[in-house]
Amino acid sequence: MPSLMTQVQKNRSGAFMIECTLIGALAVIAVISGFALFAGQPQTTQTPVPTAMELDLRK
């Protein structure tokens, strides 16, 4: 971590800090997207409701 701070202090233009911020933002977006994609999808099972025609065929 000290080397990162040294690079930031040496680079006066701020471009390095902007690059790090953008990379961090992309990482956060990727993590949030991954959680939204894979976490907590409900598993619903639907039982089919027989129609009137199907009920007549069963008799």
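Every number here is computed from the coordinates shown, using simple stated rules; none is lab data. Everything numeric here is computed off the predicted structure, so don't read it as measured data. Here Cβ is always computed from backbone atoms with ideal geometry, including for glycine, and neighbour counts include all displayed protein chains.
How far is it, in nm, from the label point at I29 to the one at V49 when both lie 7 Å from their Cα along the line to the Cβ?
Distance between label points: 4.3 nm.
If I stretch the segment between E19 and S3 completely, what's the gain in nm (0.36 nm per residue apart, minus their alpha carbon distance), one decimal? Please report the intermediate quantities before stating the final value.
Details: separation 16, 0.36 × 16 = 5.76 nm, distance 1.60 nm.
Extra length available between E19 and S3 comes to 4.2 nm.
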